[in-house]
1. I need the shape label for chain B. Rule: rounded when a/c is under 1.5, else prolate if a/b > b/c, else oblate, with a, b, c from the alpha carbon gyration tensor.
2. Out of all DSSP beta bridges with both ends in the protein assembly as shown, state the antiparallel percent to the nearest 5.
3. Given a Förster distance of 35 angstrom, what is the FRET efficiency for residue A:48 paired with residue B:98, based on the Cβ-Cβ distance and rounded to 0.05?
4. As a footprinting exposure proxy, order A:44, B:43 by other Cβ within 10 Å, with the fewest listed first.
5. Build a GNM of chain B with springs between Cα atoms under 10 Å: which of B:83, B:107, B:50 gets the top mean-square fluctuation?
6. Please say if segment B:1-67 is rounded, prolate or oblate, where rounded means a/c under 1.5 for a ≥ b ≥ c the square roots of the C-alpha gyration tensor eigenvalues, and otherwise the choice is prolate for a/b larger than b/c and oblate otherwise?
7. If contacts are Cα pairs under 8 angstrom and at least 6 residues apart, what is the relative contact order of chain B in percent?
8. For B:86, B:25, what ranking results if the residue with the fewest other Cβ atoms within 10 Å of its Cβ goes first?
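None of the figures in this text is laboratory data; all of them are computed from the coordinates on show. The model shown is predicted, which means the values in this text are computed figures rather than measured ones. Because the Cβ atoms are built from the backbone with ideal geometry, glycine has one as well, and the counts that use them run over all protein chains shown.
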């Protein structure tokens, strides 16, 4: 069975590594982007497609929302999940996110959310 | 089946520093395929942050030209000073940097030959004290 691929976009190297390693251990193929700029540049080259883009939302940045919008517009086959600790910021993401907010760094919740997003996509026939 | 590289019963952890997304992804994938655990850093500054966090690392592989305050050579010099026994690989497409880099670690020429690179890392890790 083909591994599902996920792009993790997270600035904090410790959080990113722990999350990515956890997801790999769960059988996902994980690519890591160190910033929204890097994620956007990598996606633009269209060398690899991703089933899910998991984007962390820092408390003082709109970049994550812009990236999420851009991915949804240009890569409709990619499920977008937003993660962050600041609930107030995440309220603005309601129209961008395919599911409820994911409290960081609850890795199990992230995995559950990814599975739900992939299942929903399968039901939609994407 | 290739035995998983381990040190003290834990997977060997490599800190990979590369600012080119696809190069980093390809190198990390090649190393993971033979059982290494790879921590990806997009800059030497980020790698230094990881090392300072207290997380264990068995080998560092860094590109020279990376963005930030530190470049790969600056990171290697820091590692030499704080972790003198830690193996460091230093990569660059600029062969003129080889002598400078070789004072701090093992120089690797870009573009990387992934099979040779994996073999080199495996050999270095194999010589680490158990």
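1. Working: a/c = 1.44, a/b = 1.23, b/c = 1.17.
It is rounded, given that a/c, with a ≥ b ≥ c, falls under 1.5.
2. Working: 2 of 35 bridges.
Looking only at bridges with both residues in the protein assembly as shown, the antiparallel portion is about 5 percent.
3. On the way: r = 32 Å, r/R0 = 0.91.
That gives a FRET efficiency of 0.65.
4. Neighbour counts put them in this order, fewest first: A:44, B:43.
5. Residue with maximal mean-square fluctuation among B:83, B:107, B:50: B:83.
6. Details: a/c = 3.10, a/b = 1.34, b/c = 2.31.
Oblate is the answer for segment B:1-67, as a/c is 1.5 or above yet b/c matches or exceeds a/b.
7. Values: 202 pairs, mean separation 29.3, N = 130.
Computed value for chain B: 23 percent relative contact order.
8. Working: B:86 17, B:25 20.
The order, fewest Cβ neighbours first, is B:86, B:25.
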